[in-house]
Amino acid sequence: MPSDVHVIVGAGPVGASLAGRLARDGHRVRVLTRSGHDLGLPGVESVAVDASEESALSDCAKGAAVLYNCANPGAYPLWEKRWPPLATAILHAAERTGAVLVTASNLYGYGPPDAPMVRQTPLRPSDHKGVLRAHMWTEALAMHEAGRVRATEARASDYIGPTLPTGNGLLPRYADATLSGRTATVFADPDQPHSWTAVDDVADTLAALGRDERAWGSAWIVPSNPPSTVREVLRSLAEQIGADAPRMRQIPRWLLRAGGLGIPMLCEVDGILYQFDAPFIADGSETAELFGVTPSPWEPLLAETARAWAERAR
């Protein structure tokens, strides 16, 4: 009989949401993290392992039907050091165990788009983070096409959702200020249309891709709600809890770049601000049509997110 064990590397917002989703569907779920932190979810086993250690990871993934890469190697300045061994270990673990490899990814590999991003949009990364993510996929795809693994990838835009920490990403940082009644310091134009992807929708997409062989050998865009500007999202979040309308102060780009000379994280942020300088729209309609994944209803999502983020802001 086919294995019903699903192994998830990483227990961040997406990994935790996916674990709960798979367990509710009746699967046996094993979550791998360095700490072995127990998520407290029925039917979910937590195991401590360094996922960049290929042999140890393969042992933990033995017997898995699907191996999900939901890892987060840390802040942007750490990616070049931490992602390559981690991604390689996960890819080779999928090969060793025969598990389907499903990777949670982002849109960085596309670089600055001139149209909504779809499955067929070519990868043209413009900074090293996008180059790294693109390389991870092309390496997995090459092994898939060689018959060594079965691989697929879900690409999401910036996350939104109540389980997302308020320090994780630009929007949560802006919202932390807005929901506390402070002026939000923004790094780019707050009035450009932008796609926002619900954390639970990423998890739903990963689960769908892992069980449907039509997904394997391709990357897919996670379905998102219609785009909204940063200003619109902040205003809506504030309205949900009766807070004042957002106030924003935009940092001049030259000042941000000057700060990046001494603060590596500012330099890394500058490398992805093209996503907010012009419309940045992800079109996951093909994913929705083929796999039945639909975006979370926008207004309830905003209400839940506003309440959770406001509580953390207090």
Based on the alpha-carbon gyration tensor of segment 113-169 and its eigenvalue square roots a ≥ b ≥ c, which shape applies: rounded if a/c is under 1.5, prolate if not and a/b is larger than b/c, or oblate? prolate
Given H placed on each backbone N at 1.01 Å, which residues far from residue 117 in sequence or on other chains put an amide H within less than 5 Å of it? 281, 282, 283
Project the alpha carbons of the chain onto their principal axes and report the range along each, largest first, in whole Å. 57, 38, 38
Backbone N within segment 224-240 under 20 Å of label point (7 Å from residue 250 Cα along the Cβ vector): 227-236
I need the calculated FRET efficiency for the pair residue 314 and residue 95, taking r as the beta carbon distance and R₀ as 45 Å, to the nearest 0.05. 0.40
Under the 0.36 nm per residue contour assumption, what length would be gained going from the current alpha-carbon distance of residue 41 and residue 286 to full extension? 85.0 nm
Take the Cβ-Cβ distance between residue 88 and residue 211 as r, set R0 to 22 Å, and report the resulting FRET efficiency rounded to the nearest 0.05. 0.30
Would you kindly derive the ³J(HN,Hα) couplings of segment 85-91 from the backbone phi angles with the Karplus curve 6.51 cos²θ - 1.76 cosθ + 1.60 (θ = phi - 60°), listing them in order in whole Hz, with x for Gly and Pro? x, 5, 5, 5, 4, 5, 4
Three-way shape label, segment 66-157, alpha-carbon gyration tensor, a/c 1.5: oblate
Amide proton proximity set for residue 29, modelled H, under 5 Å, gap of 5+: 6, 45
Globularity ratio of segment 247-314, using Cα Rg and 2.2 N^0.38 Å: 1.62
Residue by residue through segment 57-65, what is 3J(HN,Hα) from phi via Karplus (6.51 cos²θ - 1.76 cosθ + 1.60, θ = phi - 60°)? Round to whole Hz and write x for glycine and proline. 5, 4, 4, 6, 9, 4, x, 6, 7
So what are the ³J(HN,Hα) numbers for segment 294-301, from phi and the Karplus equation (6.51, -1.76, 1.60; θ = phi - 60°), rounded to whole Hz, Gly and Pro as x? 10, x, 4, x, 5, 5, x, 4
Between residue 191 and residue 218, with labels modelled 7 Å along Cα→Cβ, what's the label distance in nm to one decimal, could you check? 3.8
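Quick note: the coordinates plus some simple rules give every number you see, no bench work behind them. Owing to the predicted nature of the structure, the values given are computational and were not obtained by experimental measurement. Cβ: placed from backbone, ideal geometry, glycine included. Neighbour counts: every protein chain shown.
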